[in-house]
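Notes follow once the structure below has been shown.
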Amino acid sequence: MADTVQSVERAAPARGRRARGAQAPEPKTDAAAPEAASPAADAGTLVGYYRQMLLIRRFEERAARAYTEAKIGGYCHLNLGEEATVVGLMAALRPTDYLFTNYREHGYALAKGIGADRVMAELYGRSTGVSKGWGGSMHLFDAEARLLGGYGIVGGQVPLAAGAALAVSYKGGDEVVMCQMGDGTTAIGAFHESLNIAALWNLPVVFVVINNGLGMGTTVANSSAEPELYRRGAAYRMESMRVDGADVVAVRDAARTAVERARAESRPYLLETVSPRLKGHSVVDPARYRSKEEKEALKAADPLARIALELEEAGVLSADERDRLDAEVTAEVDAAAAFADESPAPDVSTLFDYTYATPVPGELRRLPADPVFGS
């Protein structure tokens, strides 16, 4: 893991303003470690990271099973294969920092400290879920944990994250906003508009692109003229970095560099993690666009198996200890599924309770079968 930290790529565009019409500076790219890279984590920390990754893996496997059992409705996107990225990113945040995500966010909720029972209950559409059962898989929300979504629209979270960072800046706080997104989001207008205004207004926000190589079934190379997505920060004179998303320590250290720079200097940062997903775009996607060789390569590069092997070879985690952790985590996920099964569905009368943050005069609360003008 420590070796991977040395392989990150950084682009650090010049800070000064240029005259209108002048050529933008070329990004400076090197193969150095992040300037604020931390020393290798101690054994206890690494085992903790492994347990979190294992929890996400077992949770997502159980979610996939529940979907086939028709216990989860709507769309369901899993973090299988992205566990090291998820845990590394969350390890860089303070509890008071804010997080915005796309629809592939179950693992982020767990790593942010939200209980597996409340996350699973939300997937099941139960009133004990983090969004009271009205959000489902793609719309997890917990203000106390400062997880502000869960957004189903591609890129919908990006302008909102910039707005949250503006609020932090306006109030003079020291919080940082992290905004996670998929690689496909970097092609939409809101991405560029948000990065531009974040750079202009010096907002404390870290934009994180999870590059799993595919926008649904289209490769990044076939959809992006610049497939090294972190380089897009250069257009806004924004510091950026690309890191191996399968290495939890490398991700943590890169994210710490980005987060602490945003916190100390109130400047935005663009971080790209290369994190191939092990399965299809969603639970119902069989990923037939991948060859047999590609699937075998992904299985061989599984980040969970990678860290388990490294910990065993380092004498940090024996096979017996690993089995004990697996049994412990599996029991936690089983309990979460049982809790979700036993929880009640939300009452229809609460359907509109969370449409607005504050009461709105004349708010429409008519259900589809209700008469337009009342009885």
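Structure data summary
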| item | result |
| --- | --- |
| Residues (out of contact with any strand residue (DSSP E or B) (no Cβ under 6 Å at 6 or more places or on another chain) and aliphatic (A, V, I, L, M)) located in the stretch 163-180 | L166, A167, V168, V176 |
| Residue in the stretch 86-108 that is of a type in the set (K, R), more than 17 Å from the chain's Cα centre (by Cα) and in a loop (DSSP other than H, G, I, E, B) present | no |
| Pair list, Cβ under 6 Å, 6 or more apart: the stretch 295-312 residue closer than 15 Å to L80 by Cβ, other residue open to solvent by less than 60 Å² (accessible area, probe 1.4 Å) and of a type in the set (G, A, S) | P303/A84; P303/A246 |
| Unmet criterion (only one of (1) without any contact (Cβ under 8 Å) to a residue 40 or more places away in the chain; (2) open to solvent by 40 Å² or more (accessible area, probe 1.4 Å); (3) under 13 Å from Y269 (Cα atoms)) for N202 | (1) |
| Residue in the stretch 325-339 that is assigned to a strand (DSSP E or B), aromatic (F, W, Y) and surrounded by 11 or more Cβ atoms within 10 Å (Cβ to Cβ) present | no |
| Subset tally (residues that are among the β-branched types (V, I, T) and in contact with a His (Cβ under 8 Å, 6 or more places away or on another chain)) for the stretch 40-73 | 1 |
| Flag if R146 is open to solvent by 20 Å² or more (accessible area, probe 1.4 Å) and within 26 Å of A199 (Cβ to Cβ) | yes |
| Search result, residues across the stretch 221-233 that are open to solvent by less than 10 Å² (accessible area, probe 1.4 Å) and either over 18 Å from the mean Cα position of the chain (by Cα) or not hydrophobic (A, V, I, L, M, F, W, C) (or both) | Y230, G233 |
| Subset tally (residues that are within 24 Å of the chain's Cα centre (by Cα) and of a type in the set (S, T, Y)) for the stretch 316-337 | 1 |
| Flag for K28 being at pLDDT below 95 and either over 20 Å from N212 (Cα atoms) or within 14 Å of the chain's Cα centre (by Cα) (or both) | yes |
| Residue ID - most open to solvent (accessible area, probe 1.4 Å), chosen from residues in the stretch 286-304 that are among the basic types (K, R) and either outside any loop (DSSP other than H, G, I, E, B) or in contact with a strand residue (DSSP E or B) (Cβ under 9 Å, 6 or more places away or on another chain) (or both) | K299 |
| Unmet requirement for R242, which otherwise passes all of (1) touching a strand residue (DSSP E or B) at 6+ places or on another chain (Cβ under 6 Å); (2) part of a loop (DSSP other than H, G, I, E, B); (3) not acidic (D, E) | (2) |
| Selection count where residues are part of a helix (DSSP H, G or I), open to solvent by 40 Å² or more (accessible area, probe 1.4 Å) and in contact (Cβ under 8 Å) with a residue 60 or more places away in the chain, scope the stretch 164-193 | 1 |
| One residue from E239, E228 being among the charged types (D, E, K, R) and over 22 Å from R104 (Cα atoms) | E239 |
| Only listed residue being in contact with a His (Cβ under 9 Å, 6 or more places away or on another chain) and not in a helix (DSSP H, G or I), chosen from V316, V283 | V283 |
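The values are calculated or read from the model by the stated rules, or taken from the named source; none is laboratory data. These numbers come from a predicted model, not from an experiment. Note that each Cβ is placed from the backbone with ideal geometry, even for glycine, and that neighbours are counted across all protein chains shown. Side chains included, ligands, DNA and RNA excluded: accessible areas come from the protein's heavy atoms. Shrake-Rupley method; radii C 1.70, N 1.55, O 1.52, S 1.80 Å.
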